[in-house]
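Working notes, beginning with the structure itself.
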Amino acid sequence: MNDFQVQPATEPASGLTQWQRVSNTFTAPSKTFEDINRGNKSWWMPLIIFALVGYIFFAAVYTRIGMQQVVENQIRLDPKTAEKMDQASPEQRAMGAKISTYITEGVFIASPVMLIAGIALGALGLWGTINFVFGGKATFGSIFTVWMYAGLPSIVKSLLGTIVIFAGVAPESFNIKNFAPTNIGAFLNPAETNKALYTLATSMDAVTIWTMVLLAIGTATVAGVKRGSGYIAVFGWWAIFTLIGVGFAAITG
């Protein structure tokens, strides 16, 4: 039962501070993950950073792009959705746009809670894989904390997206699903590109790969297995979900 404890507890005095773990994630990740392996599992600092940077990005989108424009762009970039909206009555289109706007705003506002839930679910799958497939000895809490720190490179993408917005990107061309030039898909027009190809191009994301490398190193460290096992576990799940996404896009595209 203890394997499932996730507590933002204060680390022992001998451990690194959370600021040190954050900085080491970018400069010396092994130090961060070794500290987590010693039992220092506080993760509230990364969460605060995620929330702060996320809300800065949300403010940029809200003030410079506009949520209604974001929704209109998503409809226009998806030919099938655009076709359905064209066939709807003016009242139905207005109601659909209003609901979509509320949902988009809600996702931004609730992003910290959704982040915790998403990482918890992913950590559960990775915990089972590294322990039962590769013979690791990681606890769920250690995998969860590793994922929190390994995910820090995502703030680079959010900051890049904020810079792109303030640099003067045309509101009509802003794509909320791929807002930073960190993958090939960012340079393709989703409305004119094969949907499966676009999904694959978007999946080849530099920040995502960076995060997975950190996650693989951290997972191997806290599980007490070879790094190769960590890479296989992390990139194996990534490959599975990427293929599922590409396949779904091919079917629905």
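The values are calculated or read from the model by the stated rules, or taken from the named source; none is laboratory data. Because the structure is predicted, anything quoted here is derived from the model rather than measured. Every residue, glycine as well, gets a Cβ built from its backbone with ideal geometry; the counts of neighbours run over all protein chains shown.
Overview of values
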read-out: Residues (in contact with a helix residue (DSSP H, G or I) (Cβ under 8 Å, 6 or more places away or on another chain) and farther than 15 Å from residue 243 by Cα) located in the range 190-204; value: 190, 191, 193
read-out: Scope the range 171-186; condition part of a helix (DSSP H, G or I) and closer than 20 Å to residue 69 by Cα; matching residues; value: 171, 172, 173, 186
read-out: The range 16-47, subset among the basic types (Lys, Arg) and surrounded by fewer than 22 Cβ atoms within 10 Å (Cβ to Cβ), residue nearest to residue 143 (Cα to Cα); value: 38
read-out: Criterion violated by residue 192 - all others in (1) closer than 24 Å to residue 76 by Cα; (2) in contact (Cβ under 8 Å) with a residue 24 or more places away in the chain satisfied; value: (2)
read-out: Options 80, 137, 157: the member that is in contact (Cβ under 8 Å) with a residue 40 or more places away in the chain and in contact with a strand residue (DSSP E or B) (Cβ under 9 Å, 6 or more places away or on another chain); value: 157
read-out: Complete set of residues in the range 141-176 that are surrounded by fewer than 17 Cβ atoms within 10 Å (Cβ to Cβ) and charged (D, E, K, R); value: 172
read-out: Residue under evaluation residue 185, criteria (1) closer than 29 Å to residue 29 by Cβ; (2) surrounded by fewer than 18 Cβ atoms within 10 Å (Cβ to Cβ), criterion not met; value: (2)
read-out: Options 59, 51; residue that is more than 30 Å from residue 142 (Cα to Cα) and either over 26 Å from the mean Cα position of the chain (by Cα) or at pLDDT 95 or above (or both); value: 59
read-out: Answer residue from the range 86-100, given it is loosely packed, with under 14 Cβ neighbours inside 10 Å and not aliphatic (A, V, I, L, M) and is nearest to the chain's Cα centre (by Cα) among those; value: 98
read-out: Qualifying positions in the range 144-169 - of a type in the set (Ser, Thr, Tyr), within 11 Å of the chain's Cα centre (by Cα) and within 30 Å of residue 131 (Cα to Cα); value: 154
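One line per residue, one yes/no per condition, for (1) at pLDDT below 95; (2) surrounded by 12 or more Cβ atoms within 10 Å (Cβ to Cβ); (3) part of a helix (DSSP H, G or I):
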| site | (1), (2), (3) |
| --- | --- |
| 84 | yes, yes, yes |
| 107 | yes, yes, yes |
| 117 | no, no, yes |
| 125 | no, yes, yes |
| 128 | no, yes, yes |
